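The structure appears below as structure tokens.
What follows is calculated from the coordinates using simple rules that are stated; it is not laboratory data. What you see is a predicted model; the values in this text were computed from it and never measured. So basically every Cβ, Gly included, is an ideal-geometry build from the backbone, and we count neighbours across all protein chains shown.
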Amino acid sequence: MKIKNRSLAIAIALASTASMTPVVSQAAGTISFGEDKYVSVGFGVRSSFSNVEDSANDGGNSNDFNLDSARLYFGGSLNKYIKGMFNTEINSDESMKVIDAAGIFQITPDFAIWAGRFLSPSSRANMAGPYYTSGDGYWQNVAARYGWNGGTIGRDEGVALVGTTLDERLAYSFGAFEGDKIFFYSGLDSTTIPAADRISTSNPNQSDDLMYAGRLQYSFWDTEPGYYGTGNYLGAKDIFTVGVFGRSKGDGAASATDVGDYSQWGADLLIEKKLEAGAVSFEAAYYDYDTDDVFLSEQGESYALGAGFIFNQKVGWGQFMPIVHYQNFDADNGVETKRTDFGVNYIIDGYNAQVSAVYRNLEVTNQSDTDSLVVGMQLQF
């Protein structure tokens with residue numbers, strides 16, 4: 001048995017072949033048992049300090065240190081055809097929950113079948129998550145409603161076909177999933193909502209249909225092989241990629257008095273270009289949500305825009321990367337939510353070591369604006 005250290009792909013991509021692995025890597029330890037036989041282990045931590053306007057008990061600003069995320073990553077390979085991964089995340093009560101537990105059957109270098117619990121095909125923001133964005137743990141939790149509300153942090157139990165074609169320029173993923181937690185974190189089960197309007201799991205008129213999800217993306221410049229992706233390549237690639245995605249579940253929206261179908265569709269864009277002084281990036285996404293008028297607060301249109309620039313020149317340990325993001329969700333209940341982020345990242349070792357400082361403004365219809373300052377740290381080993 002041989003023990004060695006090496007840089008591995010994103011936790012989920014440990015289960016993929018080299019041709020299916022993103023370029024952004026994380027540190028990990030690997031125990032090798034022979035050719036194409038190994039077990040890998042790693043962990044990630046995100047923590048932050050936040051100062052939020054007018055949110056203390058006395059009406060002043062709150063000051064809080066937070067453990068935002070703590071994950072364990074496990075991957076393994078029996079041979080070049082059968083691989084798997086198992087990842088956890090901390091719960092609000094500080095217990096650990098399983099977020100990924102899947103087997104990957106690599107039929108060919110460009111085609112695989114995934115089965116178990118994992119991210120269902122969706123937007124780039126959902127597939128990248130908070131660890132692999134353009135910094136500060138940014139997640140489109142205003143615009144990308146399913147990734148924020150649905151499943152177990154966007155994960156579902158199911159099966160998917162994942163592959164690439166046309167010299168890896170066209171990536172595709174299609175699958176069928178349980179889809180029984182579409183509005184899990186939406187607050188639609190709150191006791192402050194009239195009982196007739198809350199989420200129901202016992203409406204006798206609700207069927208037990210599966211949720212179907214898919215994503216297509218085409219890369220005009222450098223290719224992006226792999227399933228779980230990244231929101232920014234931090235100057236490592238020239239990217240011009242367009243993606244479309246959608247999901248639907250018959251009777252996916254059910255209250256105590258009403259049942260309707262759930263659907264989502266959208267499109268996203270990522271452009272990154274290496275320049276003499278660094279690399280500039282631009283991202284955009286559009287989402288449309290339909291609940292058959294059952295939950296108007298989760299029905300409507302949203303979009304997100306973002307830009308960044310990572311300097312080639314290192315200052316001390318790392319590189320500076322200013323960023324700006326904007327999100328907007330216009331719900332059919334008349335409530336519009338806007339969030340604007342201005343910040344700077346200090347990239348020490350890609351997505352393995354980062355520090356960020358972000359000013360955030362949140363606007364919600366009929367509520368006072370909320371300003372906050374968040375200083376965060378991300379480490380992966």
Most mobile listed residue (K273, K249, K97) in the chain, GNM with C-alpha springs under 10 Å: K97
Take the alpha carbon atoms of the stretch 248-289, find their center, do the same for the stretch 305-381, and report the distance between the two centers in whole angstrom. 18 Å
Positive end of the charge dipole of the stretch 239-348 (Lys, Arg +1 and Asp, Glu -1 on Cβ, about the Cα centre): tell me which of G316, G260, F245 has its Cα farthest that way. G316
Selection from G42, M211, L269 lying farthest towards where the dipole of the chain points positive, charges on Cβ: G42
What is the set of long-range amide H partners of T133 at a cut-off below 5 Å, with H atoms built 1.01 Å from backbone N? G231
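If neighbour count is taken as other Cβ atoms inside 10 Å, put L170, L305 in order from fewest to most.
Numbers: L170 14, L305 17.
With the sparsest Cβ surroundings first, the list reads L170, L305.
Rg(Cα) of the stretch 260-381 divided by 2.2 N^0.38 Å? Kindly include the intermediate steps, with their values, before the conclusion.
Numbers: Rg = 17.7 Å, N = 122, 2.2 N^0.38 = 13.7 Å.
For the stretch 260-381, the normalised Cα radius of gyration comes out at 1.30.
Tell me the relative contact order for the chain as a rounded percent, counting alpha carbon contacts under 8 Å between residues six or more apart.
On the way: 1094 pairs, mean separation 53.8, N = 381.
It rounds to 14 percent for the chain.
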Could you order the peptides 31-38, 124-131, 80-87, 211-218 from most to least packed, using the average number of other C-beta atoms within 10 Å per residue? 124-131, 211-218, 80-87, 31-38
Set of lysines near K249 by C-alpha distance (under 20 Å), chain-local residues within fewer than 8 positions excluded: K181
Could you give the size of the charge dipole of the chain about its Cα centre, using +1 on the Cβ of each K and R and -1 on the Cβ of each D and E, expressed in debye and rounded to the nearest 20? 1920 debye
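Under the rule of -39500 (n - 2.57) per DSSP H run of 4 or more residues, summed and divided by the residues of the chain, what mean residue ellipticity at 222 nm is obtained, to the nearest 500 deg cm²/dmol? Numbers along the way, then the final one.
Details: 2 runs with 10 residues, N = 381.
Result for the chain, helices only: -500 deg cm²/dmol.
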Just to confirm my numbers, what's the Cα centroid distance between the stretch 152-214 and the stretch 89-104 in Å? 17 Å
Label-point separation (nm) for F220 and F320, each offset 7 Å from Cα along Cα-to-Cβ? 3.2 nm
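Expressed as cubic angstrom per residue, what is the convex hull volume of the alpha carbon set of the chain?
Numbers: hull volume 53.9 nm³, N = 381.
Per residue, the Cα convex hull of the chain comes to 142 Å³.
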Working only with C-alpha atoms, what are the Rg and Dmax values of the stretch 60-119, expressed in angstrom? 16.8, 59
